[in-house]
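One structure is given here, and the rest of the page talks about it.
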Protein chains: 2
Amino acid sequence: MTPLQQQGALCKAAGRTLATAGTTRKNEALSAIAEILSERQDEWLAANAADVAAAKEAGMIPSMLDRLTLTPQRVADIVSAVRQVIALPDPVGRVDRMETRPNGLIIGRRRVPLGVIAIIFEARPNVTVDAAVLCLKSGNACILRGGKEAIRSNRCVAELMRKALASVGLPEDCVYLISDTSHETATELMHLDGYVDVLIPRGGAGLIRAVAKEASVPVIRTGEGVCHIYVDDEADLDMAAEILYNAKCSRPSVCNAVECVLVHQAIAEEFWRRALPLLDRHHVELRADEAALRLLGSRAVLAATSDWDAEYDDYILAVRTVNGMEEAVSFINDHGTGHSEAIMTTNYFRAQRFLDAVDAAAVYVNASTRFTDGGEFGLGAEIGISTQKMHARGPMGLEELTSCKYVVYGEGQVR
Amino acid sequence: MTPLQQQGALCKAAGRTLATAGTTRKNEALSAIAEILSERQDEWLAANAADVAAAKEAGMIPSMLDRLTLTPQRVADIVSAVRQVIALPDPVGRVDRMETRPNGLIIGRRRVPLGVIAIIFEARPNVTVDAAVLCLKSGNACILRGGKEAIRSNRCVAELMRKALASVGLPEDCVYLISDTSHETATELMHLDGYVDVLIPRGGAGLIRAVAKEASVPVIRTGEGVCHIYVDDEADLDMAAEILYNAKCSRPSVCNAVECVLVHQAIAEEFWRRALPLLDRHHVELRADEAALRLLGSRAVLAATSDWDAEYDDYILAVRTVNGMEEAVSFINDHGTGHSEAIMTTNYFRAQRFLDAVDAAAVYVNASTRFTDGGEFGLGAEIGISTQKMHARGPMGLEELTSCKYVVYGEGQVR
């Protein structure tokens, strides 16, 4: 066994203890984590300051530096997020489909933890705590592998969380951080079959695709977001313009931001009269097909083929002209990533048809795609937004971090 | 694009049509399949006779030949199974978690088909129909790849099912059989990313492990069954002996048959006095640890290390002596395949602890492991028994062949 396999075995054993620890004990562990992070935040902030200094030295760009940096306020926000998870209902142990069969067997399906969840993420130190806490609450041990830029912060906070676990009598190995940030350990983690029940990559599209391609353990793909808004010829155009503006500009770096607008040709001119002044506020770059270019003139550039599949995560918007809803639906099904898709229409039948025919985790009528989020959907905190169909789809809350088992109470039945 | 990718694209498009076809239309298709299989069974039986003749020529063993052979009675059973699926409730379109959020958005989670399901199976012609029908009812297109020994039967029945689909106005490509049974096409199917949403291997442990290792599309592992029965020192020993006999001998070739019995040392002698006469009826070979061997004498042989992980699928039973329930639980968690595990006890607390602590798809108290089955569990027909934790665990009925999407009804909300 390699050292990582040995550690995997320890995490698996810790997960088995945690699986039957009960909600009260798990909440005690989360409280202990919240307390130790508050009380000993100076250690965490100091480790983070060293990470930030090294990153500056290495020439990290300002937006990345900002993500890496912890402040007392950010620590307070993270602690408050931990307390919110304590308040969420525990999915583990819930039983459904319970019934007495004709032969007298009593059979029910009980929610159980997945076991060991591995998470590969980039240089955001808050993810370390968020992810660990959601795993713990749902009864799972976790193996964390963060970016090398945040390694000092992560080592410190992982150690604090392990101390908190021990303080309530739970195994420290319920949380394990891989402190070697080499490419080799990440690859080994992706092949830790038998110890890792699911691997969730959190980060940019490049990371996610690389993990999905390489891993032999089960992976949940999250956060790939090429989202569309279709503006129908029967849309409320003022509403459509406001929604497009919100979906593009409120936070362009996130996965539920819109990347491409499909505009019905019959109302395109009128629509752009309303939408352009809004998009101009953020100088949104428009990459348009030829029909749209005729309307938008020098305000846009001609789109390249690659623009129809691009996740810009920036103030850039692809613009395409369509002849009707069915064309929009086909285009979305061919070019979307199955994340969040919206129709703007006042027509009842088209609204219903769009919801039926578009194949995505979240489909919207007359609302911004930006709402695809565990909190907004009422699931509480989320560990990511699944864009695959297997196991979980859309925002993944605590329930999505569980599996099930059938429990069967007999009195001597044979078949 | 390769020919199989082109076919994958056709199946994906067919699946999108089927996804919104509605229950009535899908049931019409299943009725048409039941009818055409009855009316034109002579064609199917003739094709099967040719398969059987070729297999005999090639020296196929009798038990395999029996599985391959269709008779009018077996066709009638298959048709009757199709009619049972028509009667099952359609999971597609069911909505849960629907609520109005504080901002007025109405959000619900709707069941939708997975899309395209690929199934690789061995030489049982009934599987071709069973699998296709479950996929169709749950709104999924399917790509079938059966064993070469049944290729004539499969080509015939796939063509009949495609005609039935066309007769009710659904795309023929909702069912596609890969008629080239070379190893290369199977491998290509395992890598048909973008067209296959899930691949389910149905067959022996060797097939399943090979597919899980090779495939880049998502796989659901089914039917690996190293199942245990633990006989506690507080068991009802007559009941325990009857259950062990049933779990081993009622149908040893299936995945829910028991392979290993763990016997508490304190009652081992008494237990074997009851169990041996039953097992002797089928001359069950016992492979025992040293402690058990002292009791069983010449009735058993010494187990090798490999016996503790063996799926015999035969009248063979591994026998191990334990000092108590916790030892049994650890042994099961280390050596089981997570299929079906049972405790025989009259002790309430141990029963509850076993159900909690054993990590398997189905955990039993005082009943035979042979009940792990979609029909017995009340799910109706099943496509297999999942031994993994992701997506589905235990018997997989229609609901397990679906995913979900969030539908969001807005009136102009922005975030």
Filtering the stretch A:351-388 down to residues that are at the interface with chain B (Cβ under 9 Å from one of its Cβ atoms), part of a loop (DSSP other than H, G, I, E, B) and either farther than 27 Å from B:Ala118 by Cβ or at pLDDT 95 or above (or both) yields A:Val358, A:Asp359, A:Ala360, A:Ala361, A:Ser368, A:Thr372, A:Asp373, A:Glu376, A:Phe377, A:Gly378, A:Leu379
Tell me, yes or no, whether the stretch B:338-356 has at least one residue that is under 21 Å from the mean Cα position of the chain (by Cα) and of a type in the set (Val, Ile, Thr). no
The stretch B:220-239, residues that are hydrophobic (A, V, I, L, M, F, W, C), within 24 Å of the chain's Cα centre (by Cα) and either more than 18 Å from B:Leu317 (Cβ to Cβ) or within 13 Å of another protein chain (Cβ to nearest Cβ) (or both): B:Ile220, B:Cys227, B:Ile229
When restricted to A:Ala291, A:Ala247, A:Ala275, A:Ala268, the only residue outside the structural domain of A:Asp130 (by TED's automatic domain parsing), in contact with a Ser or Thr (Cβ under 9 Å, 6 or more places away or on another chain), crowded, with 23+ Cβ neighbours inside 10 Å and closer than 26 Å to A:Phe354 by Cα is A:Ala247
Just one of B:Glu43, B:Glu35 is closer than 24 Å to B:Gly375 by Cα and either among the small types (Gly, Ala, Ser) or in contact (Cβ under 8 Å) with a residue 12 or more places away in the chain (or both); which is it? B:Glu35
Given the criteria at the interface with chain A (Cβ under 10 Å from one of its Cβ atoms) and either on the phi > 0 side of the Ramachandran plot or not in a strand (DSSP E or B) (or both), does B:Asp314 qualify? no
Odd one out for B:Ala81, checked against (1) farther than 27 Å from B:Leu192 by Cα; (2) in contact with a Phe, Trp or Tyr (Cβ under 9 Å, 6 or more places away or on another chain); (3) surrounded by fewer than 21 Cβ atoms within 10 Å (Cβ to Cβ): (2)
Is it the case that A:Ile316 is in the same structural domain as A:Thr369 (by TED's automatic domain parsing), surrounded by fewer than 20 Cβ atoms within 10 Å (Cβ to Cβ) and more than 22 Å from B:Arg415 (Cβ to Cβ)? no
Report yes if A:Asn333 is free of Cβ contacts under 8 Å to residues at least 40 places away in the same chain, facing another protein chain (nearest Cβ under 9 Å) and polar (S, T, N, Q), otherwise no. yes
Within the stretch B:213-232, the residues that are touching an Asp or Glu at 6+ places or on another chain (Cβ under 6 Å) and surrounded by fewer than 22 Cβ atoms within 10 Å (Cβ to Cβ) are B:Ser216, B:Val217
Quickly run through the stretch A:245-276 and pick out the residues that are within 28 Å of the chain's Cα centre (by Cα) and over 29 Å from B:Gly194 (Cα atoms). A:Tyr245, A:Asn246, A:Cys249, A:Ser250, A:Arg251
Please go through the stretch A:389-415 and pick out each residue that is within 13 Å of the chain's Cα centre (by Cα) and either within 10 Å of chain B (Cβ to nearest Cβ) or within 30 Å of B:Leu237 (Cα to Cα) (or both). A:Ala392, A:Arg393, A:Gly394, A:Pro395
Identify all residues within the stretch A:156-178 that are within 23 Å of the chain's Cα centre (by Cα) and either surrounded by fewer than 19 Cβ atoms within 10 Å (Cβ to Cβ) or assigned to a helix (DSSP H, G or I) (or both); write none if there are none. A:Val157, A:Ala158, A:Met161, A:Cys174
Of everything in the stretch B:320-367, what is within 21 Å of A:Met98 (Cα to Cα) and of a type in the set (Asp, Glu)? Give them in sequence order. B:Glu341, B:Asp356, B:Asp359
Given the conditions (1) touching a Leu at 6+ places or on another chain (Cβ under 6 Å); (2) crowded, with 23+ Cβ neighbours inside 10 Å, and given that A:Ala235 satisfies all but one, which numbered condition is not satisfied? (1)
Within the stretch A:262-274, is even one residue modelled with pLDDT of 95 or more and part of a loop (DSSP other than H, G, I, E, B)? no
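The values are calculated or read from the model by the stated rules, or taken from the named source; none is laboratory data. These figures come from a predicted structure and were not determined experimentally. Please note: Cβ atoms are built from the backbone with ideal geometry, for glycine as well, and neighbour counts cover all protein chains shown.
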